[in-house]
Amino acid sequence: MQATGRNLWVDYLRSAITVLVVAHHASLAYTTFASFDPVAYIRSTNPVVDHQRWIGMDVFSNFNDIFFMFLMFFIGGLFIAKSLEKKGSWLFIKDRIYRLLIPFIVLGTLFMLLAYYPSYYLAHQSWNIEDYVKDFFTTEAWPVGPPWFLWVLFVFNAITAIMWPVLRGPFAAISGRVSSLQNKPVICFFLLFGITWILYVPVAWSTGAGTWTGWGPFDFQLSRFLAYAGYFLLGVIIGAGDFNSGIFSVSSKLVRHYRYWIVLALLLFASLTFNSYFNILAGLVKQNLLPANAAWGLYYSIYAASCTASCLAFITVFRKTINSPDRLWDSLSTNAYLIYLVHYIFIVWMQFLLMPLNIHAFFKFIIVFVVALGSGWIISIRLRTINLIHRYC
């Protein structure tokens, strides 16, 4: 996740998604569907749930949730092939242990202990540290929080590295074929949509769309695990070739038509939102005009298409519009990894501190977002003055 300067537009895209992650978590205390479980706060929709709610937060959080982690895993795979060719499998895995696994276990655990403390207070009306720590590792089963992404990404990295001698040739060949689609945007869309649908919809049907599972801090979203793996591998495949002059060439029709991807992404997400708000498919089922299974399949097919279009929109917008470096973007890109690691502390504590204030949910969201992003950014700059952290984060 470290910014490297190898591809400016990818670094800026990755940092922009990090900002979306911060904003997404800032919004979850203020959605109309938010709920808090005092018996085990880990079962809550968010560690803090405010009495101020706004449906606009539902729309914002739902839009993010549909695509941004899929895109994060895709970006996480883009430079794997070149890094493996440069370092070899075992040096690559060692590097990923330092970059991903150790920060996940050490910093992730420490930061989540700090982050979830207000949740324990809301559930038990007590600040007893000893009881909190016991509850954290027992009742709450070691909440992982946002750093879950790091251990899953590490596993994908390690498996790819171990199998690289076998994968190298086929991936290079497939990468060449993918590059040949640079001027076939419709085919690109339906191929990515097909991959998304196959890897996500049947699993979500069998396991439940929001199902999580895991052991201790090694939690992951069961319904999306195959889809995340697929997007990661797609990133590895595309990264095995020169994607800047191939599939993501500025002159390609896929990139030149970025405005169409924006429109398509908005239209598909709007259709999902209108359906949820007006209960269109549910109404058809209730009137026996549509079987329940068909309604579910139709909804999640549109969901998969929305994910596909949003990913393509973000990729092509950044590829087309990022042409020169910017000091602010450079700083954000450099510090994005640590912002991702520390932001949740400020999110939860600010949501907790703002609970007594009787102001609109949107303004609370803005305050939480600005404080969390700004504080994470400043702390990252300071932490990166330490050589060890600067080297791996």
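The table below lists the values:
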{"read-out": "Qualifying positions in region 205-228 - of a type outside the set (S, T, N, Q), open to solvent by less than 30 Å² (accessible area, probe 1.4 Å) and free of Cβ contacts under 8 Å to residues at least 40 places away in the same chain", "value": "GLY208"}
{"read-out": "Out of PHE149, PHE190, sole residue that is within 18 Å of the chain's Cα centre (by Cα) and among the aromatic types (Phe, Trp, Tyr)", "value": "PHE149"}
{"read-out": "ASP58 being of a type outside the set (Lys, Arg) and surrounded by fewer than 21 Cβ atoms within 10 Å (Cβ to Cβ)", "value": "yes"}
{"read-out": "Inter-residue pairs, beta-carbon under 7 Å, first touching a residue at least 24 places away in the same chain (Cβ under 8 Å) and in region 373-393, second charged (D, E, K, R), 6+ apart", "value": "TYR392/ARG99; CYS393/ARG384"}
{"read-out": "Number of the exception - ARG99 against (1) open to solvent by 60 Å² or more (accessible area, probe 1.4 Å); (2) basic (Lys, Arg); (3) modelled with pLDDT under 95", "value": "(1)"}
{"read-out": "Yes/no for VAL250 being closer than 30 Å to ASP11 by Cα, free of Cβ contacts under 8 Å to residues at least 60 places away in the same chain and open to solvent by 40 Å² or more (accessible area, probe 1.4 Å)", "value": "no"}
{"read-out": "Residue list for region 136-145, filter: exposed (fewer than 14 other Cβ atoms within 10 Å of the Cβ) and either in contact with a helix residue (DSSP H, G or I) (Cβ under 9 Å, 6 or more places away or on another chain) or under 21 Å from LEU383 (Cβ atoms) (or both)", "value": "THR139"}
{"read-out": "Only one of LEU289, LEU266, LEU298 that is under 20 Å from the mean Cα position of the chain (by Cα) and open to solvent by 60 Å² or more (accessible area, probe 1.4 Å)", "value": "LEU266"}
{"read-out": "Segments classed as helices (runs of 4 or more DSSP H), wholly inside region 186-302, with at least 1 members that are within 27 Å of GLY77 (Cβ to Cβ)", "value": "225-239, 253-256, 258-278"}
{"read-out": "Residues being within 24 Å of the chain's Cα centre (by Cα), of a type in the set (A, V, I, L, M, F, W, C) and surrounded by 19 or more Cβ atoms within 10 Å (Cβ to Cβ) - total across region 102-135", "value": "4"}
{"read-out": "Residue satisfying all of: in region 322-352; β-branched (Val, Ile, Thr) and within 27 Å of ASN244 (Cα to Cα); most open to solvent (accessible area, probe 1.4 Å) among these", "value": "THR334"}
{"read-out": "Scope region 28-45; condition among the β-branched types (Val, Ile, Thr) and either open to solvent by less than 10 Å² (accessible area, probe 1.4 Å) or within 17 Å of TRP349 (Cβ to Cβ) (or both); matching residues", "value": "THR31"}
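The values are calculated or read from the model by the stated rules, or taken from the named source; none is laboratory data. Here the structure is a predicted model, which means the values were calculated and not measured. Heads up, the Cβs are rebuilt from the backbone with ideal geometry, glycines too, and the neighbour counts pull from every protein chain shown. The protein model used for the area step is the full one, side chains on, heavy atoms only, and it has no ligands, DNA or RNA in it. Shrake-Rupley method; radii C 1.70, N 1.55, O 1.52, S 1.80 Å.
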